[in-house]
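No value in this document is a laboratory result; all are computed from the given coordinates. On a predicted model such as this, the values are computed, not experimentally measured, just so you know. Here the Cβ positions follow ideal geometry from the backbone for every residue, glycine too, while neighbour counts run over all protein chains shown.
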Amino acid sequence: MTEQQRILLQDDERMRKGVFPTPKIWVVKSQEYLAKVFGEDWQDEYYIWDCCCGTGNLLAGLVNPYNIWASTIDQADVDILHTNINNRKCNLLDSHVFRFDFLNGNFDELPEELRDIINDPEKRKRLIVYMNPPYAEAMNKRDAKLAKTDVNRSQVERDYSKLIGKSIREVFVLFFIRIIKEISGCKLASFSTLKYVCSPNFLKFRQHFQAAYKGGFVCRANTFDNVNGQFPIGFLVWDLSDKKMITKVQTDTLANNRQATESWKDGVKVFHAINEKDSINDWLKQFIEESPEQNPISMCCIGVDFQHNSFVNINRCDQLTGVGNAKGIAKFALTPGNFIKACIYFAVRHSFKFTWLNNRDQFLFPNDGYFSDKKFQNDCIIFTMFHDKNRLCSKDGINHLIPFTAKEVKAKDNFNSALLSGFLKNKKLSKEAKAVFEAGKALWIYYHETIWRLRTPPVDASLYDIREYFKGRDAKGKMKNRSTDERFNELDTALRSALKVLALKIQPKVYEYGFLKR
């Protein structure tokens, strides 16, 4: 690793010197889990190596220094640890703390006793690699401005990149793959994101990461220092001597950074391993059609997990947001032939609220149950048409997605398209979908009452146009949160509330038809 790469590893806000510092409560809990898995005497019966220890944060509280080794890439951290040992602030042995570049160094450089453990198959089974490695991800060349294109460059990356594909971009995966391949049969107890368990991009990695899952927990990432993201960090314990493919893992969840108590568990969470061709985007690709329009109404379909849902929106093709960072399908043109499928996709992606815990959940290729469920399809259509991620604007082309006729909303002129209102005519709507439809109609009627004598506001207004008209924009061009027109605010709130109720009705079907796994 070059000096520049080392600095990137240390100074990036998303990392600490080697690792995000582990909050004390998670250190305590991780050691409790190790005791549950390996027995109360685990510190005497097992060897422990933290190979990216920083200043020893993770090793605080351990009681048998004769079985612990601690290494890090940064000599300054090693010096701090030696000082703390001399001042009796750290329960480690001086000779067991050393500088070692795990991603580039040769194991022949390790202390003799640790080297003997690694080289002895039986002793290696009693070695626990206990760590909190970096979470940085090397970006594609197009993302070079983010200054993390080289954080994964190392001997380990060169040795294993062809073996495990895209997952090699993750720095923590570099640690994992060397442990799997070169310390085979040991135990691994590590903090990390859950990508390696569930992401389809990690399929090649999972083919090599075969181990028995022994237990673990997840916690909020933003309880770690210098981490602002809303995603789970897991502490998972694996036995690398027991070769098993990962299909799913069930973890305990701790949502809040509370003091340690006996009743600390908030619940459980299952993370499923998703393979290639299993995703919701693979399902949607079946329905791609060419649109006769030059700039068709399209849907942005980036990613297949909750963290990418903010990109999923409907607009004109050239107005879609986030397409430059596309993963999977980027633009999906809406046509009469695939309109229902597009609405199902949109509703499935947006009917659940994003949380830190579901961040990594993957949307999947469904079973065929949805195909004959017309009520579900109609719920999804109404949900999609009245959702605020439907960003279609009338100024960008003919608005084919007006749910009502001009007569129904008392418009001062005919609409240029009656495509959607004609499609919805005589549709049997659930009471929840009907409530959304009627709340939307009230909003449209109020808009047309308001603009009756004005020339500039569009008659063919979309929902986005109507909200922009009443709310206006701030000095930075962002649409304001509220309008000065209280009647509009009441109607808009009523529509949003009805949409939330409809989302709750859609959610069980999402699981029933296999778009998500519990």
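What's the exposure ranking of 243, 162, going from fewest to most Cβ atoms within 10 Å?
162, 243
Each part reduced to its alpha carbon centroid, the stretch 283-308 and the stretch 162-234 end up 31 Å apart. Summing charges over neighbours of residue 82, with a neighbour being any other residue whose Cβ is under 15 Å away from its Cβ, gives -1 when K and R count +1 and D and E count -1.
Using +1 at the Cβ of each Lys and Arg and -1 at the Cβ of each Asp and Glu in the chain, identify which of 65, 275, 488 lies farthest towards the dipole's positive end. After comparing all options, I get 488. Taking a straight Cα-Cα cut-off under 13 Å and skipping sequence neighbours fewer than 8 places away in the same chain, the aspartates and glutamates within cross-link reach of residue 412 are 449, 460.
Among DSSP beta bridges whose residues both lie in the chain, state the antiparallel percentage, nearest 5. Spell out each step's value before the answer.
On the way: 31 of 48 bridges.
Beta bridges within the chain, antiparallel portion: roughly 65 percent.
Modelled this way, with points 7 Å down the Cα-to-C-beta line, the labels at residue 307 and residue 504 are 3.0 nm from one another.
Quick one: dipole size for the chain, taken about the Cα centre, charges +1 on Lys/Arg Cβ and -1 on Asp/Glu Cβ, in debye to the nearest 20. Write out the running numbers ahead of the final one.
Working: 77 positive and 63 negative charges, 449 e Å.
For this selection, approximately 2160 debye.
Exposure proxy ranking for 279, 351, based on other Cβ atoms within 10 angstrom of each Cβ and starting from the fewest, stands as 279, 351.
Only helices at least 27 Å long along their axis, Cα-based, and averaging -1.0 or more on Kyte-Doolittle count here, so list those DSSP H runs from the chain. Result, helices passing both filters: 431-450, 486-512. Based on the Kirkwood approach, the hydrodynamic radius assigned to the stretch 280-512 is 18.3 Å, with every pair of different Cα atoms included.
Shape of the stretch 13-132 from the C-alpha gyration tensor: rounded (a/c under 1.5, with a ≥ b ≥ c the square roots of its eigenvalues). In plain terms, the chain from residue 241 to residue 181 could stretch by 20.4 nm, reckoned as 0.36 nm per residue minus the Cα-Cα distance. Taken along the Cα-to-beta-carbon direction at a fixed 7 Å, the label points for residue 222 and residue 427 span 3.6 nm. Compared with the alpha-carbon gap, the fully stretched path from residue 99 to residue 484 is longer by 132.3 nm at 0.36 nm per residue. Ordering 348, 84, 439 by Cα displacement along the dipole of the chain toward the positive end leaves 439 in first place; charges were set at the Cβ atoms of Lys, Arg (+1) and Asp, Glu (-1). At the listed q of 0.08 Å⁻¹, the Debye profile of the chain, built from one uniform point per Cα, gives log10 I(q)/I(0) equal to -0.61. For the stretch 280-512, a crude dipole built from +1 on the beta carbon of Lys and Arg and -1 on the beta carbon of Asp and Glu, taken about the Cα centre, is about 460 debye to the nearest 20.
With contacts taken as Cα pairs under 8 Å and at least 6 residues apart, the chain reaches a relative contact order of 10 percent. Taking other Cβ atoms within 10 Å as a rough exposure proxy, 444, 452 sort from fewest to most as 452, 444.
For the chain, the 222 nm mean residue ellipticity estimated from helices alone, with every DSSP H stretch of n ≥ 4 adding -39500 (n - 2.57) and the total spread over all residues, rounds to -10000 deg cm²/dmol. Other residues within the sphere of radius under 9 Å centred on the Cβ of residue 393, judged by their own Cβ, net out at 0 (K and R +1, D and E -1).
3J(HN,Hα) couplings calculated from phi for the stretch 91-102 with the Karplus curve 6.51 cos²θ - 1.76 cosθ + 1.60 (θ = phi - 60°) are, in sequence order, 8, 9, 9, 4, 6, 9, 10, 7, 7, 7, 8, 5 Hz; Gly and Pro show x.
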